[in-house]
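Below is one structure, written out as structure tokens; the observations come after it.
The values are calculated or read from the model by the stated rules, or taken from the named source; none is laboratory data. The structure displayed is predicted, hence computed values, not measured ones. Virtual Cβ from ideal backbone geometry, glycine too; neighbours counted across all protein chains shown. For accessibility, only protein heavy atoms count, side chains too; no ligands or nucleic acids. Shrake-Rupley method; radii C 1.70, N 1.55, O 1.52, S 1.80 Å.
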Amino acid sequence: MLLRERDGQVEVLPRDFPTNRGGLCQKGWTAAELLDHPERLTTPLLRGPDGRLAPATWAEAYARIVAGIRDTQAAHGPDAVAVFGGGGLTNEKAYALGRFARVALRTRMIDYNGRFCMSSAAAAGMRAFGIDRGLPFPLADLGHADTLLLVGANPAETMPPLARYLTELRERGGQLIVVDPRATATARLADLHLQPLPGTDLAVANALLHIALTEGWVDREYVAARTEGFDAVRRIAAGWWPARAERLSGVPVADLEATARALATARNAVILTARGAEQHAKGVDTVTAFVNLALALGLPGRPGSGYGCLTGQGNGQGGREHGQKADQLPGYRRIDDPAARAHVAAIWGVHPDELPGPGVSAYELLDALGTPTGPRTLLVFGSNPVVSAPRAARIERRLRDLDLLVVTDFLLSETAAIADVVLPTAQWAEEDGTMTNLEGRVLRRRALREPPPDVRTDLRVLADLTAAVDAGAPSYRFLSSKGPLHPPSAAADGAQPPGAAADGAQPPDAAADGTEHGGARQDGADARVVFAELRRASAGGPADYAGVTWERIDAADGVFWPCPDEDGPDTPRLFTERFATPTGRARFHPVEHRPAAEEVCAEYPLYLTTGRVLAQYQSGTQTRRVGALRRAAPEPFVELHPDLAARLGVGDGEELRVTSRRGELRAPARITATIRPDTLFAPFHWGGTGRVNSVTNDALDPVSRMPEFKVCAVRVERVTP
Ligand SMILES: Nc1nc2c(c(=O)[nH]1)N[C@H]1C(S)=C(S)[C@@H](COP(=O)(O)OP(=O)(O)OC[C@H]3O[C@@H](n4cnc5c(=O)[nH]c(N)nc54)[C@H](O)[C@@H]3O)O[C@H]1N2
Ligand SMILES: Nc1nc2c(c(=O)[nH]1)N[C@H]1C(S)=C(S)[C@@H](COP(=O)(O)OP(=O)(O)OC[C@H]3O[C@@H](n4cnc5c(=O)[nH]c(N)nc54)[C@H](O)[C@@H]3O)O[C@H]1N2
Ligand SMILES: [Mo]
């Protein structure tokens, strides 16, 4: 998007960019409304002895935080302080947050909300392809697809600019097939809608592969040349005759056959998954089953074809690459890999042994807060877990049990409202940085205006806190991507003025081994400085940004990683020659269907699934405060089928109570024939009594640690009998 300031008002204009091609959704159009919103946080807040949050100075806020961190760590050790990040943060912030946790706090306890988002697809991509990039090709390649299978994705509401690709596909005579328990706005665009029971996609995928096998549609040449491990997968698929999948999922055999045929006979076919398939306690295996199908049909790496995952948040891709994950160092390196530790420790100016090991996943971290062995101080940047975490009533209690909760936000989210310290932060239009989109394309976000006077950026806060908790913490350094990768010398001079030639613009050899930024304290507040170090830290890793400069991003509509060399090419398309595995071959993994973590029973006879609506975003902190969006989607609701409503004697708009083993939700009924009669749906954008996450299941995927947001067992009744 483009921003323009007129008479102090910020205007949003769509930009004709290769990805969105002039398209924006309503949330984009209205986003500037929050910049000058009356509820915007404009000073730090501290919880006083009376239990209320009251305005305070930055010095007071920092003093409270630093004392809290010191006390906690002195009494309980470094891991008793935890950090929780977000996939909406820029690459620089995600990087700085991971660095702050490991270098300044020396804690292993850091994770982020992306664990609730793309982690299952990420894990499946890593094990099959050896790399995790949402789309391994530019979005525009969808323009060459003849068949597109969308599994658990509702882009018409969640990525409206992408819907144009879907209508164009139809106009070309291509086939769009949507797998969703609800007939969504996306499903209504489709030629074929498969409406499975929540949590049965894995059976559907295995049956599709079964059909491909029996019909002789498997691309044997491709399987032999480019993959390994097919035999074990074939043996499992052999047992998934379509009628068996129909019994479990409710998807008719004829529709399964039509789907397999459309994929196998297309010149180009693409399979995309999103949260509907992924947010399950078997999310990794479910995505793997669709990857297996794609590989058997020879799709990945073939131009115009492939498998991809539709990334979620603004920086859902970049936010998962640079070290805010529990098990990760920048550049998508593993924190338990000695070579990765040595590389990054050298960049950070610490000894590898000083770097903490892997921490625990988002839900496990939140669920340990305030317990005798868990963290006692938590710093949150860019998430609102009181609304968005599964089993949220329990997580809210855990957060309240902390000795110190610090939240950085620009609005008083439900999580900020229970914090001890709230720090007001800048918004997207007020700070520079980079984001990496669903295509792996690194983009720039430019500051249009300054933040309000008493508001500080997240980077500034991290730099200030680093200096305050550990005066000896190594500062950021100017580094070029060129020159040797060994650590910068400790004796570097501080002659360079702040903001000068942070990257790219330096002559190749000057300062190649690092010239320390002058005036150490605030250096980490400069996104360019942080990005320069990020490039260096990511060099040689799977997500290699070493050759990405801000100038290059500007010149070329973004840069696709991996891009190891400033003078070398970037990588719009992965896998054309080889996969990122040691052998260069993609890996099949045998996966079996298994039931949801919680099945229906006499007491909880219905399934509940959750998701999004067009006009609200995530935990709703932002979109619930925008007038046009609030009018379009004013309150939570529970979708149910007319047959079920009749059976329960429920009328449209009547207040319902939905109860699971974990808690309850109250919201008006929305009666619609677009949902399965055995399933309820509720969006997760609201807190309070309308919070669906009071009900959802915290069962975790064994590999990705993704919670089962998309299916649990519930009962429903009218609030007034
Ligand atoms: N308007 C809006 N747009 C957003 C967001 C938002 O909050 N609001 N959030 C952004 C983020 S972070 C993300 S991650 C993306 C998410 O984008 P999507 O994944 O498209 O969004 P969801 O609504 O979570 O889930 C998609 C669909 O999965 C279906 N589903 C539920 N259970 C199952 C199941 O078991 N199997 C299958 N096949 N489908 C199932 C739901 O009915 C829903 O229609 O959206 C991004 N865009
Ligand atoms: N039931 C159910 N629950 C879900 C899901 C689901 O489908 N169903 N989806 C899950 C998914 S995919 C996701 S991504 C999560 C999202 O859920 P959350 O992690 O709660 O994400 P947001 O609501 O975007 O919260 C971001 C918060 O940070 C603030 N913020 C935004 N930008 C910045 C910034 O740059 N800096 C700082 N400091 N703060 C910022 C916002 O004002 C907001 O309060 O929810 C998960 N929860
Ligand atoms: Mo997400």
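Just one residue in the set 130, 143, 125 is crowded, with 24+ Cβ neighbours inside 10 Å and either among the acidic types (Asp, Glu) or not assigned by TED's automatic domain parsing to the domain that holds residue 471 (or both); that residue is 125. What about residue 330, is it crowded, with 24+ Cβ neighbours inside 10 Å, touching a Ser or Thr at 6+ places or on another chain (Cβ under 7 Å) and more than 28 Å from residue 209 (Cβ to Cβ)? Judged against the criteria, residue 330 is a match. Only one of these is crowded, with 24+ Cβ neighbours inside 10 Å, touching a residue at least 24 places away in the same chain (Cβ under 8 Å) and closer than 30 Å to residue 190 by Cα: 118, 109. Name it. Answer to the check: 118. Filtering 639, 566 for residues that are acidic (Asp, Glu) and within 16 Å of ligand 2 (Cβ to nearest atom) leaves a single hit, 639. Is it true that some residue in the range 199-209 is within 16 Å of ligand 3 (Cβ to nearest atom) and assigned by TED's automatic domain parsing to the domain that holds residue 259? For the range 199-209, residues within 16 Å of ligand 3 (Cβ to nearest atom) and assigned by TED's automatic domain parsing to the domain that holds residue 259: absent. Please verify whether residue 175 is of a type outside the set (Phe, Trp, Tyr) and under 21 Å from residue 680 (Cα atoms), treating the condition exactly as stated. No.
Screening residue 380 on (1) outside any strand (DSSP E or B); (2) away from ligand 1 (no atom under 16 Å from the Cβ) shows it passes everything except condition (1). Looking across the range 528-567, just one residue is within 23 Å of residue 97 (Cα to Cα), open to solvent by 20 Å² or more (accessible area, probe 1.4 Å) and among the charged types (D, E, K, R), and that is 528.
Taking the residues in the range 68-97 that are polar (S, T, N, Q) and over 14 Å from residue 330 (Cβ atoms) as candidates, determine which candidate is nearest to ligand 3 (Cβ to nearest atom). Among them, the one singled out is 72. Here 261, 275 are screened, and the one residue that is touching a residue at least 40 places away in the same chain (Cβ under 8 Å) and within 16 Å of ligand 3 (Cβ to nearest atom) is 275. Out of 182, 170, which single residue is buried (at least 16 other Cβ atoms within 10 Å of the Cβ), touching a residue at least 12 places away in the same chain (Cβ under 8 Å) and out of contact with any Cys (no Cβ under 6 Å at 6 or more places or on another chain)? Answer to the selection: 182.
Under the condition of being in a loop (DSSP other than H, G, I, E, B) and within 16 Å of ligand 1 (Cβ to nearest atom), the residues counted in the range 253-283 number 5. Scanning the range 199-235 for residues that are open to solvent by 40 Å² or more (accessible area, probe 1.4 Å) and not in a loop (DSSP other than H, G, I, E, B) yields a count of 9. Considering 525, 537, 532, the condition of being assigned by TED's automatic domain parsing to the domain that holds residue 440 and at pLDDT 95 or above is satisfied by 537 alone.
Hey, does the range 99-109 have a residue that's on the phi > 0 side of the Ramachandran plot, assigned to a loop (DSSP other than H, G, I, E, B) and away from ligand 2 (no atom under 16 Å from the Cβ)? Yes.
Among the residues of the range 267-317, the one identified as among the acidic types (Asp, Glu) and within 16 Å of ligand 2 (Cβ to nearest atom) is 278. I'm trying to understand the selection: among the residues of the range 287-334, which are within 16 Å of ligand 3 (Cβ to nearest atom), aliphatic (A, V, I, L, M) and assigned to a loop (DSSP other than H, G, I, E, B)? Listed by number, the list holds a single entry, 310. Scanning the range 76-101 for residues that are small (Gly, Ala, Ser), open to solvent by less than 10 Å² (accessible area, probe 1.4 Å) and away from ligand 1 (no atom under 16 Å from the Cβ) returns 80, 82, 96, 98, 101.
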